[in-house]
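Below is one structure; the comments refer to it alone.
We did not get these values from a lab; they are worked out from the coordinates using the rules stated. Keep in mind that this is a model prediction, so the values were computed, not measured. For neighbour counting, all protein chains shown are included, and Cβ atoms are generated from backbone atoms with ideal geometry for every residue, glycine included.
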Amino acid sequence: AASQGIVPVDTAALKSSCYVAEPVREGDTIEVVLGYGGPAAQINPKTGQSTDAYAVFVHENLEVFHPHGSAKYLSLPFDQATQGMSGRIADAMSIDLAGKDMG
């Protein structure tokens, strides 16, 4: 939910493609997959591209000015939320996120 306030908005296609999958529990581990594009992909009305084609690019490109929102729209809220967590848990979660193929 926190990322919705900072995701860049031009046509709202990217913002509309936010998804959070149902949590999956395996023993002591709970996995929640979330992101933009993916199963909730939208078509950008300006370009005709799927949000799958540019969600990661918009997230990672620190060189672009966004009149509304910013790059790292998913990482920033995650980092803020995990600051108070034990370093070991936060590090493990960050490493797992870094290893996911978002494209």
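Assorted remarks:
- For segment 15-32, backbone nitrogen atoms closer than 17 Å to the point 7 Å from THR47 Cα along Cα-to-C-beta are found at 15-18.
- 3J(HN,Hα) along segment 5-19, derived from phi through the Karplus expression 6.51 cos²θ - 1.76 cosθ + 1.60 where θ = phi - 60°, amounts to x, 10, 5, x, 10, 10, 10, 6, 5, 5, 4, 6, 8, 5, 9 Hz, with x in place of Gly and Pro.
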